[in-house]
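Input: a single structure, listed below in structure tokens.
The values are calculated or read from the model by the stated rules, or taken from the named source; none is laboratory data. If you're wondering where the values come from, they're calculated on a predicted model, not measured in any experiment. Backbone-built Cβ (ideal geometry, glycine too); neighbour counts: all protein chains shown. The area values use the complete protein model at the heavy-atom level, side chains included, leaving out ligands, DNA and RNA. Shrake-Rupley method; radii C 1.70, N 1.55, O 1.52, S 1.80 Å.
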Amino acid sequence: MSGTGVMRARRCLLAAAVLLVGVFGAAAARPATAVASPGWTGAAGFTVPANAALSSLHIAYQTGGTATVAYLEVVSPSPLQTVLHVGVIPPGGTYQEQLRIPSTATAIPADVALAEAPSGAAVVQWADLQGTAATSPYTYLASYRATGSAPWGAATTVATDTTRTTGVYEYLAPAIAANGTAAAGVDHVDPTIPSPYGYRIDVAVNAGGTWGTPVQISPPSDSSEGAVLGFDAGGDLTAAFRLRMSNNRYTLAVRRRAASTGIWDSLEDVTGSDATSDAWGPVLGVAPDGSAVIAFQYIHYAAPNTLDVNAVTRSGANGSWTTPVDVGSGGASSAPIAAGVSPDDKAYVLYRYQGTNSGLDCDGIVRAPVGGSFTAPHCVSPTGFENSSSGGLAFLGNDAYFAWAGQPSGSNSFVVEGSRWLDGAAQPDNFTDLETPTSSLTFTSFVADEDGGAAAFWVAAPSTLRVSAFDAGGPNLTSASIPATATAGTAVTMSAGFADLWSGLAGPASWSFGDGAGATGSVVSHSYAAPGTYTVAVTAADRLGNPTTITYRISVTAAAGPAAPPRLTAVGQSASHWREPGTGRRRRGKRRHPPSGTTFRFTLNVAAKVTLTFSHRIRGRRVSGRCVAATKHNRRARSCLRTVTVGSLTVAGHPGHNRLAFTGRLPHHRRLAPGAYTVVLRAIGSGGRRSAPRTLRFTIVGG
């Protein structure tokens, strides 16, 4: 991953930690105006936790638009008490805490830095003060997260100071590769190195989810500082830093660590230990294939005494560095802000240029094919653009994007500006003002959102976090429910939710169901007329016109026909003359007892409920052509036999052969008395469809 962030100046960690806690707007980022094509959004407030100290805030993104946020909360400035927080903000969502480290009596988080891979693997690095005194030393720690939803691992110690003096400044240098390999580097005090301010550089590497032993990559007896780290896609690591020579001048040094061996190569002296020059403030960019660029301020004390930005490049992870070349000369002073190499190996340098008078000041950009010549110095900001020392660089594909901050000529206010250099263009675009002039402004970062956009963040008066993005990515899918199967003729419900990071949604999502029909809305319903496999596409667009389309496959089967009516066949019984169990006396001779009970048998073609209705015939009187129950009023009427239902029972039948043992007992403890009976069997299937009735007769004998 390229080291293309804001140019870092040394800063006191403790002072940074106690700056004013920001008050953030309630609304998420929205553009000032909508345009019809990808472009820069207007500046807007960016919502993060209200307890965050703005000076400590770091934001990085993973594929899909989820942001990882690391910051310090200042609980008390005196005595100093802080809390380190790390969490995520999903598209359209709110901050969700993942890691919280409060102060203890001997460990007070005082600075934090963050790096994240597109996969969501991330490294957070911080410095703990070992006490509240002005000279309390630091302990430097780091934690690793394997994916965006994985828990943060246990902290590892990168380095520990035993002493510190006031005025000593430290900084952190985390980095991470696309394959998840991470590094945590730190410049810190080493009392064994001669003053003034002897520094050393230690780096710990996490490969495969495990931290290795920290390594001092700077020479043990020479002060080294300004470390910047960068990975290629395979996990090879490059570190660049300033190395103090015997005459107290500084040369630019590089060390490389191969992922295959885990061993740091020998130190490379890039500027050749020029005793008449100083190398300052290196910035580093590494391409996926290992090609790299380093830009640095090069001060030549020999006549004609120049102070310019120089750059070197290398081809591949193991290539040799080119000879330093001046890429921003001709003025009083120039210094690098950010550097990077595109995936197709073009090196870019964003730098600050100070002319021979303030009216010539500007921010400039140069480009070169790795190993080739840089373009002529080119101001990308308006001239007379002063006090510009912060900004960043990010890539969207092979196109380079830039953002920086400064003061327009003759103004007491500050602005943020942006530009891009398309891969096929001869020059970068003209600058775009991203913020209206404001009385104070601190540029914090410029990062790719890993979703088609790049966002610039800054703190503006009165203590608010602001953002503007070059938005070339569509909305993010936040939720979806599309069934994999459906039945022809039956409506199916589908839903999808979207959120856009920078521009907001242009309107409701649109649907194409794959059969020529469509709909709009977050929740829709559709019925397919015929079976088949269809592609469902749901599309949402942001206010700049950037679309996102997600597709799904749905298999539609034919509707089932009417349920087959149940059929009762092979209806029978094991005995038609039987007695109840437990009745009957021993008989003399060879006559056998009637069997005890009977077993009804039947066969079903489908599962169904089977009802057995029992009846028998008793004597009655014929009245008006009907056989009715005998009463004292009709005792003189003609005698007849009438059928009377005495009870029923229902059982669940299954397809195939069924057997039901019966001993004369009915539900509710009813018992059939001895006598002749008729039983009618009828099956009832799905939809209430009934079989034809089947009849059996049997006789129950007494004892």
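Is segment 555-569 home to any residue that is closer than 25 Å to VAL492 by Cβ, in a strand (DSSP E or B) and not polar (S, T, N, Q)? It would help to see each step written out before you state the result.
Kept after step one, since they are closer than 25 Å to VAL492 by Cβ, are these residues of segment 555-569: 555-563.
Narrowing further to those that are in a strand (DSSP E or B): 555-557.
Now narrow it down to the ones that are not polar (S, T, N, Q): 556.
Taking every residue of segment 555-569 in turn, at least one turns out to be closer than 25 Å to VAL492 by Cβ, in a strand (DSSP E or B) and not polar (S, T, N, Q).
Residues that are touching a helix residue (DSSP H, G or I) at 6+ places or on another chain (Cβ under 9 Å) and on the phi < 0 side of the Ramachandran plot: which strands (runs of 3 or more DSSP E) entirely in segment 588-703 hold 2 or more of them? If you could, list the steps in order and put the result at the bottom.
Working: elements: 598-604, 608-623, 626-628, 639-653, 656-662, 675-684, 694-701.
The qualifying strands (runs of 3 or more DSSP E) are 639-653.
Identify, by number, the condition in (1) loosely packed, with under 15 Cβ neighbours inside 10 Å; (2) under 14 Å from VAL610 (Cα atoms); (3) at pLDDT 90 or above that SER686 doesn't meet.
Against the list (1) loosely packed, with under 15 Cβ neighbours inside 10 Å; (2) under 14 Å from VAL610 (Cα atoms); (3) at pLDDT 90 or above, SER686 comes up short only on (3).
Return the pairs, sorted by first residue and then second, in which the second residue is assigned to a strand (DSSP E or B) and aromatic (Phe, Trp, Tyr), the first residue lies in segment 457-486 and is without any contact (Cβ under 8 Å) to a residue 60 or more places away in the chain, the beta carbons are less than 6 Å apart, and the residues are 6+ apart or on different chains.
These pairs meet every condition: TRP458/PHE443.
Hey, among the residues in segment 389-414 that are farther than 20 Å from GLY473 by Cα and crowded, with 24+ Cβ neighbours inside 10 Å, which one's farthest from the chain's Cα centre (by Cα)? Can you show your working first?
Taking segment 389-414 first, the residues farther than 20 Å from GLY473 by Cα are 389-391, 404-414.
Cutting the leftovers down to crowded, with 24+ Cβ neighbours inside 10 Å gives us 390-391, 404-406.
On the way: SER390: 29, GLY391: 27, TRP404: 28, ALA405: 30, GLY406: 34 Å.
This residue is GLY406.
Within segment 225-253, can you find the residues that are hydroxyl-bearing (Ser, Thr, Tyr) and open to solvent by 50 Å² or more (accessible area, probe 1.4 Å)? First the steps, then the outcome.
First, the residues of segment 225-253 that are hydroxyl-bearing (Ser, Thr, Tyr): 238, 246, 250-251.
Passing the criteria: only SER246.
Output the residues belonging to segment 119-168 that are at pLDDT 90 or above, among the charged types (D, E, K, R) and surrounded by fewer than 24 Cβ atoms within 10 Å (Cβ to Cβ).
Result: ASP161, single match.
From PRO343, PRO336, grab the single residue that is assigned to a strand (DSSP E or B) and either within 23 Å of GLY226 (Cβ to Cβ) or in contact with a Pro (Cβ under 6 Å, 6 or more places away or on another chain) (or both).
Values: PRO343 fails: assigned to a strand (DSSP E or B).
It is PRO336.
Here are some conditions: (1) within 29 Å of ASP222 (Cα to Cα); (2) of a type in the set (Ser, Thr, Tyr); (3) modelled with pLDDT under 95. THR181 meets all but one. Which one does it not meet?
So the condition that THR181 fails would be (3).
Kindly indicate which of SER277, SER246, SER273 is free of Cβ contacts under 8 Å to residues at least 24 places away in the same chain and more than 15 Å from GLY319 (Cα to Cα).
Working: SER277 fails: free of Cβ contacts under 8 Å to residues at least 24 places away in the same chain; SER273 fails: free of Cβ contacts under 8 Å to residues at least 24 places away in the same chain.
Going through SER277, SER246, SER273 in turn, the sole match is SER246.
List pairs: first residue in segment 199-217 and open to solvent by less than 50 Å² (accessible area, probe 1.4 Å), second residue of a type in the set (Asp, Glu) anywhere in the structure, Cβ distance under 8 angstrom, at least six positions apart or on different chains.
TYR199/ASP187; TYR199/ASP190; TYR199/GLU225; ILE201/ASP187; ILE201/GLU225; PRO214/ASP202; ILE217/ASP202
List every residue pair whose Cβ atoms sit under 6 Å apart, with the two residues 6 or more apart in sequence or on different chains, where the first one lies in segment 340-362 and is closer than 19 Å to THR306 by Cα and the second, anywhere, is open to solvent by 50 Å² or more (accessible area, probe 1.4 Å) and aliphatic (A, V, I, L, M).
The qualifying pairs are GLN354/ALA332; THR356/ALA332.
Limited to segment 254-273, what total is found for residues that are open to solvent by 60 Å² or more (accessible area, probe 1.4 Å) and touching an Asp or Glu at 6+ places or on another chain (Cβ under 9 Å)?
So the answer is 1.
Conditions: (1) without any contact (Cβ under 8 Å) to a residue 12 or more places away in the chain; (2) surrounded by 18 or more Cβ atoms within 10 Å (Cβ to Cβ). SER76 meets all but one. Number of the miss?
(2) is the only condition that SER76 fails.
If ARG619 satisfies every condition in (1) charged (D, E, K, R); (2) over 30 Å from ALA560 (Cβ atoms); (3) surrounded by 15 or more Cβ atoms within 10 Å (Cβ to Cβ) but one, which is the exception?
(3)
Select from segment 119-167 the residues that are in a strand (DSSP E or B) and of a type in the set (S, T, N, Q) and write down the one among them that is nearest to THR192 (Cα to Cα).
As a first pass, look at segment 119-167 and keep what is in a strand (DSSP E or B): 122-129, 138-145, 152, 156-160.
Pick out the ones that are also of a type in the set (S, T, N, Q) and you get 125, 139, 143, 156-157, 160.
On the way: GLN125: 25, THR139: 17, SER143: 28, THR156: 24, THR157: 20, THR160: 14 Å.
Going through the qualifying residues, I end up with THR160.
Would you check which residues across segment 90-118 are assigned to a strand (DSSP E or B) and either within 28 Å of GLY235 (Cβ to Cβ) or open to solvent by less than 20 Å² (accessible area, probe 1.4 Å) (or both) and list them? So that I can check it myself, show each step before the final result.
Initially, segment 90-118 is screened for residues assigned to a strand (DSSP E or B), giving 96-102, 104, 107-116.
Scanning segment 90-118 gives GLN98, LEU99, ILE101, ILE108, PRO109, ALA110, ASP111, VAL112, ALA113, LEU114, ALA115, GLU116.
Does segment 292-307 contain any residue that is aromatic (Phe, Trp, Tyr), open to solvent by less than 10 Å² (accessible area, probe 1.4 Å), closer than 15 Å to VAL254 by Cα and assigned to a strand (DSSP E or B)? Talk me through it step by step, then tell me what you get.
Taking segment 292-307 as the starting set, the residues that turn out to be aromatic (Phe, Trp, Tyr) are 296, 298, 301.
The next check asks that each one be open to solvent by less than 10 Å² (accessible area, probe 1.4 Å); those that pass are 296.
Now drop any that are not closer than 15 Å to VAL254 by Cα, which leaves 296.
Filter once more, so that each one left must be assigned to a strand (DSSP E or B): 296.
So far as segment 292-307 goes, yes, one or more of its residues are aromatic (Phe, Trp, Tyr), open to solvent by less than 10 Å² (accessible area, probe 1.4 Å), closer than 15 Å to VAL254 by Cα and assigned to a strand (DSSP E or B).
Is it fair to say SER419 is polar (S, T, N, Q) and open to solvent by less than 30 Å² (accessible area, probe 1.4 Å)? Write out each step before concluding.
Values: polar (S, T, N, Q): yes; open to solvent by less than 30 Å² (accessible area, probe 1.4 Å): yes.
Yes, satisfied.
Would you mention how many residues in segment 84-101 are closer than 25 Å to TYR140 by Cα and of a type in the set (Val, Ile, Thr)?
3
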